[in-house]
Amino acid sequence: MTTDQPRLPDGQRLTDGFPTLTYGGVPNIDLATWDFRIFGAVEQEVTLNWEQFMALPQSTDHSDIHCVTTWSKYDNDWAGVLFRDVMALAKVNPDATHVMFHSYGGYTTNVPLAELLGDDVLFAHTHNGQPLEAEHGGPLRGVVPKLYFWKSAKWVRGVEFMAGDRPGFWEMYGYHMHGDPWTEERYG
Ligand SMILES: Nc1nc2c(c(=O)[nH]1)N[C@H]1C(S)=C(S)[C@@H](COP(=O)(O)O)O[C@H]1N2
Ligand SMILES: [Mo]
């Protein structure tokens, strides 16, 4: 971040707490039967169980949350597996341009692949040193800090690579296909 860029995007307010925002209920997830699927525009589909997922290289990231409903929360420490380390497990087709995150409970959200390749994008199982609470997406959620928080899928159970874009759950109801908080891409 450069010194002349503010830390709080326009239209946001800082919160100390950690609000929860879920459409529908918190799904019941049993780690014994949990699985994670990498599919779509890939040469070979991959399915991982919890043990296999946790055996992947572990990374951390420190980032701010910006929710489209205008709350922001600074200084989140996330631990989990980098998106790009998950992606490396499947041979992704060169024509893949976007990703759909799929969650237990049916939630989906779409993100351009180019936004997901950095050191800040994780599948996280830990928040501020504690196992991620179920209401915040535990056992595993996406964390895509550069975009509004609806792009960070809770209870994530798979990632679909796509040759082209397609709206996810909130995007079908008018939320932005990209969702950059710095340019207030709130609604499409
Ligand atoms: N599976 C799932 N993921 C989701 C949601 C949801 O309803 N279901 N809500 C999204 C929205 S709109 C926001 S703002 C954040 C909220 O995350 P939190 O409840 O941990 O604050 O999760 C996002 N991911
Ligand atoms: Mo949200």
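Laboratory data are not the source of any read-out in this text; all were calculated from the coordinates shown. Every value quoted in this text rests on a predicted model; they were computed, and no experiment measured them. Every residue, glycine among them, receives a Cβ derived from its backbone with ideal geometry; neighbour counts consider all protein chains shown.
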For this session: Those residues that are under 18 Å from Gly142 (Cβ atoms) and either more than 11 Å from ligand 1 (Cβ to nearest atom) or without any contact (Cβ under 8 Å) to a residue 12 or more places away in the chain (or both), I need them from region 53-71; list them, please.
Result: Phe53, Met54, Leu56, Pro57, Gln58, Ser59, Thr60, Asp61, His62, Ser63, Asp64
Problem set entry | Leu8 being of a type outside the set (Lys, Arg), over 24 Å from Tyr175 (Cα atoms) and in a loop (DSSP other than H, G, I, E, B) | no
Exercise. What are the residues in region 59-80 that are within 16 Å of the chain's Cα centre (by Cα) and not in a strand (DSSP E or B), if any?
Worked result: Cys67, Val68
Exercise. Tell me, which residue of region 124-154 that is in contact with a Lys or Arg (Cβ under 7 Å, 6 or more places away or on another chain) and in a strand (DSSP E or B) is farthest from Gly80 (Cα to Cα)?
Worked result: Arg141
For this session: Identify all residues within region 27-46 that are among the aliphatic types (A, V, I, L, M), in a loop (DSSP other than H, G, I, E, B) and either under 14 Å from Ala134 (Cα atoms) or in contact (Cβ under 8 Å) with a residue 24 or more places away in the chain (or both); write none if there are none.
Result: Ile29, Leu31, Ala41
Problem set entry | Residue identified as within 16 Å of the chain's Cα centre (by Cα) and surrounded by fewer than 17 Cβ atoms within 10 Å (Cβ to Cβ) among Gly129, Gly118, Gly158, Gly168 | Gly118
Exercise. Can you spot a residue in region 28-48 that is under 15 Å from Val156 (Cα atoms), within 16 Å of ligand 1 (Cβ to nearest atom) and polar (S, T, N, Q)?
Worked result: yes
